[in-house]
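*Asks:* Pasting a structure here, questions to come.
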Amino acid sequence: MTRDPRATEIPLAEFDLNRRDFVRLLGAGLLITATGSVGLAQRGAGGGRRGGNVAARLHVGQDGLITVMTGKVEVGQGSRAQLTQAAAEELRVGVGQIVLVMGDTQLCPDDGTTAGSRTTPSSVPAVRAGAAAARRLLIELASKRWQVDPKGVEVRDGVVLHPSGKEKLSYAELAKADDLDSLFQQATVPGDVQLTPVSQWKVLGHSVARPNSRDIVTGAHRFPSDVQRPDMLYGKVLRPPSYGAKLSSIDLAPAEAMQGVIVVRDGDFVGCAAPTSFLADQAVQALAKTASWQTAPHPSSKELFSYLKEHARSGGGGRRGSRGQSNGQSKDTAEESFAGASKTLSATYQVAYVQHVPMETRAAVAEWNEGKLTVWTGSQAPNGVHAEVARTLGLPQDRVRVIVPDTGGGFGGKHTGEVAVEVARLARKAGRPVSLQWTREEEFTWAYFRPAALIEIRAGLDDHGKLVAWDFTNINSGGAAVQSPYDIPSNRAQYVPSDPPLRQGSYRALAATANNFARECFMDELAAAAQGAPGTDPLAFRLAHLGNPRLRAVLETAAARFEFSRRKKEKSGANVGVGLACGTEKGSYVAACVEIAVDRQQGTVDVRRVCEVFECGAIQNPENLRRQVAGCIIMGLGPALKEQMRFEGGKILNGNLELYEVPRMADVPELEIHLLDRPDLPSVGAGETPIIALAPAIAAAVFDATGVRVRQMPIQGEALKQA
């Protein structure tokens with residue numbers, strides 16, 4: 001069977017597809033299941049909690065195409081291209097010979113959640129190891145046929161070459177052997193499998209476009225919200241009027257009386273399915289008029305940070321400081337260090353709740369068939385959604401299948417499966433497939449948020465302006481990057497959980513954005529205080545406390561490329577400023593320099609130019625990496641300057657894109673991105689860390705322009721007006 005190498009999805013009509021049917025669909029060939037150790041398999045978001053991880057599954061077809069299966073998903077971060085490159089590199093074929101099947105819980109290995117920048121350091125090596133093992137097995141097969149030593153046999157462009165150079169066998173030809181199934185049935189990744197060194201990369205290390213990019217730009221690709229099933233209905237869910245509200249009573253009759261409408265109630269869950277989304281919405285509106293709710297008190301965004309402080313879990317079993325404790329430093333030891341400091345400073349930083357704002361809101365289609373459920377949805381955690389759906393609906397795991405088509409954005413916001421559970425409930429009652437897509441208002445209100453943070457910092461300087469004591473506390477948002485990368489003799493850092501007023505969860509870079517923002521802003525304040533006069537060079541102050549050579553490299557490169565010292569002295573006009581910041585998280589390193597202009601009357605900041613330098617080890621796909629860095633910069637502009645959730649009385653006050661301002665095209669500054677390639681170091685992820693340096697660099701530039709210290713995200717315009 002000949003297949004289009006650009007094909008990326010199993011046809012949706014194949015509802016009850018199992019592995020045998022899948023191989024039949026692909027055509028005659030060899031299915032190699034390569035199983036690796038935990039070290040080669042997924043350690044990522046699962047943190048190694050899964051045992052028996054499958055490293056890769058490869059189908060070698062008689063048409064020469066090779067299908068690779070992975071539990072990872074594509075949400076715009078470029079993993080489809082990168083994993084395709086990984087397999088092509090080790091199989092010695094072009095990327096056009098690889099077809100990647102992603103995020104299907106029935107066909108693909110559980111590679112863990114697509115999160116935590118773990119695809120590059122965990123899943124890419126797993127796929128490479130499986131592909132390398134497959135190549136070795138195919139070489140051994142050809143060697144037996146030729147009766148030669150495998151050490152003299154090599155592969156070029158998917159063709160196995162005889163040592164004499166006079167004979168050759170393609171992968172497609174080897175796939176026709178009668179005994180292949182039994183030969184490869186137990187194939188596993190040997191412990192000594194050798195991966196291609198960086199110096200010999202032919203596919204990795206080069207820019208490769210997303211394999212299905214043509215389908216994306218032409219509209220042929222079906223995102224989760226585009227999935228269609230025969231005889232499908234459309235769903236709508238009744239939402240509470242405010243956070244914490246419980247349904248007291250409801251009359252289902254008005255909606256049940258509507259022709260074609262199916263009404264479902266399961267506890268507090270109430271929803272409708274209908275032939276059109278408009279009719280489903282009308283039915284839910286009719287239900288809303290009959291519903292009575294018991295509401296609950298809820299704080300407002302105006303009192304958010306005092307609320308987080310008051311609800312910090314400081315007692316009961318020593319939870320305060322139990323996470324992120326640094327260098328074994330006790331509170332008493334830290335206090336001794338402060339007692340010896342000649343100067344101490346303290347500051348408090350506030351970081352607001354923000355939403356992920358993916359282009360595609362949560363969406364899912366559910367279909368039941370003979371007691372089995374298949375859900376198509378957009379998620380970063382196919383196996384997590386699979387477990388959530390099975391558990392909530394009381395189904396055995398083998399009766400549920402989750403398929404994740406390439407999805408329109410995630411940013412850490414699509415780890416949970418609520419929309420899949422909702423639509424499955426509707427479809428079970430309807431007896432027909434149902435599609436459910438959240439509105440933008442639902443996404444803003446009922447999806448989880450990036451956690452708000454209250455961060456308290458205190459530091460001590462000696463007589464020479466050197467840092468000697470550091471005490472850093474993050475309340476609520478998390479421990480990512482809570483540790484300072486600077487060299488400080490007494491360095492105490494901790495994350496203190498709170499009882500948050502809003503549902504919160506993962507976000508691009510997790511809490512590293514908040515922690516790095518507060519730390520870098522405070523480093524600027526310390527630089528100014530170190531010599532007792534404002535304007536002390538923030539670059540020199542950082543370098544004086546920075547022994548990490550990789551972080552030093554990005555910072556020095558960014559400052560040189562931007563000409564930071566010259567620009568700081570020769571600013572182009574009043575209310576113009578420059579600033580810099582750096583940071584590290586998830587094994588990668590970033591530094592940013594920015595130039596901004598402040599409009600005092602409007603209280604606004606215009607980011608004119610950003611120069612960012614990023615290093616994540618050996619670069620596997622330069623152009624995709626550059627896009628990831630650019631995406632982080634643009635996304636980071638929003639929370640730095642405008643984005644924040646406002647709420648009162650248990651209701652979101654700015655739950656749409658008119659009131660919640662995300663960066664527009666007009667907000668994009670001049671971007672200068674420099675990638676530091678380190679072929680001597682392992683590759684690590686790049687989808688998150690580039691975001692963490694932008695906000696503190698902008699804050700530093702605002703101070704440079706106005707003399708106003710920034711201690712909150714987003715930057716408050718009123719403070720700039722009053723400066």
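*Asks:* Can you confirm whether Arg664 is among the charged types (D, E, K, R) and touching a residue at least 24 places away in the same chain (Cβ under 8 Å)?
*Replies:* No; evaluated as a whole, the condition is false for this residue.
*Asks:* Counting only residues that are buried (at least 17 other Cβ atoms within 10 Å of the Cβ) and either more than 16 Å from Glu360 (Cα to Cα) or of a type in the set (Val, Ile, Thr) (or both), which one in the range 215-232 is farthest from the chain's Cα centre (by Cα)?
*Replies:* Here the answer is Met232.
*Asks:* Could you list, ordered by first residue, the pairs with Cβ atoms under 9 Å in which the first is in the range 364-387 and closer than 13 Å to His415 by Cβ and without any contact (Cβ under 8 Å) to a residue 24 or more places away in the chain and the second is β-branched (Val, Ile, Thr) and crowded, with 21+ Cβ neighbours inside 10 Å, at least 6 apart or interchain?
*Replies:* From the range 364-387, the pairs are Ala387/Val400.
*Asks:* Right, next: Suppose the filter is part of a helix (DSSP H, G or I), small (Gly, Ala, Ser), under 27 Å from Arg458 (Cβ atoms) and at pLDDT 95 or above; does Ala592 pass it?
*Replies:* no
*Asks:* Quick one: is Arg608 free of Cβ contacts under 8 Å to residues at least 24 places away in the same chain, surrounded by fewer than 18 Cβ atoms within 10 Å (Cβ to Cβ) and either out of contact with any His (no Cβ under 9 Å at 6 or more places or on another chain) or not assigned by TED's automatic domain parsing to the domain that holds Thr513 (or both)?
*Replies:* Taking the combined requirement at face value, the residue does not satisfy it.
*Asks:* Going by the structure shown, is Gly191 of a type outside the set (A, V, I, L, M, F, W, C), in contact (Cβ under 8 Å) with a residue 24 or more places away in the chain and over 30 Å from Ala273 (Cβ atoms)?
*Replies:* yes
*Asks:* Answer yes or no: is there a residue in the range 116-131 that is surrounded by fewer than 24 Cβ atoms within 10 Å (Cβ to Cβ) and charged (D, E, K, R).
*Replies:* The answer is no; no qualifying residue exists.
*Asks:* Oh, and also: Considering each of Ser242, Ser306 in turn, give the residue that is modelled with pLDDT of 95 or more and touching a strand residue (DSSP E or B) at 6+ places or on another chain (Cβ under 6 Å).
*Replies:* Going through Ser242, Ser306 in turn, just one is modelled with pLDDT of 95 or more and touching a strand residue (DSSP E or B) at 6+ places or on another chain (Cβ under 6 Å): Ser242.
*Asks:* Hey, another quick one. Are there any strands (runs of 3 or more DSSP E) wholly within the range 253-318 with 2 or more residues that are over 33 Å from the mean Cα position of the chain (by Cα), and if so which?
*Replies:* Ranges flagged: 262-266, 292-294.
*Asks:* Please give the strands (runs of 3 or more DSSP E) falling wholly within the range 22-124 in which 3 or more residues are at pLDDT below 85.
*Replies:* 29-35, 54-61
*Asks:* Could you check, for the range 163-176, whether at least one of its residues is at pLDDT 95 or above and of a type in the set (Gly, Ala, Ser)?
*Replies:* yes
*Asks:* Just name the residue that is farthest from the chain's Cα centre (by Cα) out of those in the range 332-376 that are surrounded by 15 or more Cβ atoms within 10 Å (Cβ to Cβ) and among the acidic types (Asp, Glu).
*Replies:* Glu367
*Asks:* Still on this structure: Is it fair to say Arg600 is under 32 Å from the mean Cα position of the chain (by Cα), in the same structural domain as Leu694 (by TED's automatic domain parsing), among the basic types (Lys, Arg) and within 20 Å of Ile715 (Cβ to Cβ)?
*Replies:* So Arg600 does not fit the description; no.
*Asks:* Sticking with this one: Taking the range 224-260 on its own, how many of its residues are hydroxyl-bearing (Ser, Thr, Tyr) and closer than 13 Å to Gly271 by Cα?
*Replies:* So the answer is 1.
*Asks:* Note down all Cβ pairs under 6 Å where the first residue falls in the range 69-83 and is in contact (Cβ under 8 Å) with a residue 60 or more places away in the chain, the second is of a type in the set (Lys, Arg) and assigned to a loop (DSSP other than H, G, I, E, B), and they're at least six residues apart or on different chains.
*Replies:* Taking only residues 6 or more apart or on different chains, the pairs are Arg80/Arg210; Ala81/Arg210.
*Asks:* Now for a different question. Cβ contacts < 6 Å: first residue touching a residue at least 12 places away in the same chain (Cβ under 8 Å) and within 25 Å of Pro500 (Cβ to Cβ), restricted to the range 238-256; second residue among the charged types (D, E, K, R) and part of a loop (DSSP other than H, G, I, E, B), any location; separation 6+ or different chain. Result?
*Replies:* Taking only residues 6 or more apart or on different chains, the pairs are Leu247/Asp268.
*Asks:* Being closer than 21 Å to Glu367 by Cβ and either surrounded by 23 or more Cβ atoms within 10 Å (Cβ to Cβ) or modelled with pLDDT under 95 (or both) is the filter here, so list the residues in the range 411-420 that pass it.
*Replies:* Matches in the range 411-420: Lys414, Gly417, Val419, Ala420.
*Asks:* Is it the case that some residue within the range 327-342 is touching a Leu at 6+ places or on another chain (Cβ under 8 Å) and under 30 Å from Phe472 (Cα atoms)?
*Replies:* yes
*Asks:* Follow-up question, since we're still on this one. Only residues in the range 295-318 that are at negative phi and exposed (fewer than 15 other Cβ atoms within 10 Å of the Cβ) count as the first member; pair them with residues that are at pLDDT 95 or above and among the basic types (Lys, Arg), Cβ under 8 angstrom, at least 6 apart or cross-chain, and list the lot.
*Replies:* Within 8 Å, the pairs are Ala296/Lys246.
The values are calculated or read from the model by the stated rules, or taken from the named source; none is laboratory data. Not measured: the values here are computed from a predicted model. We place every Cβ from the backbone using ideal geometry, glycine too, and count neighbours over all the protein chains shown.
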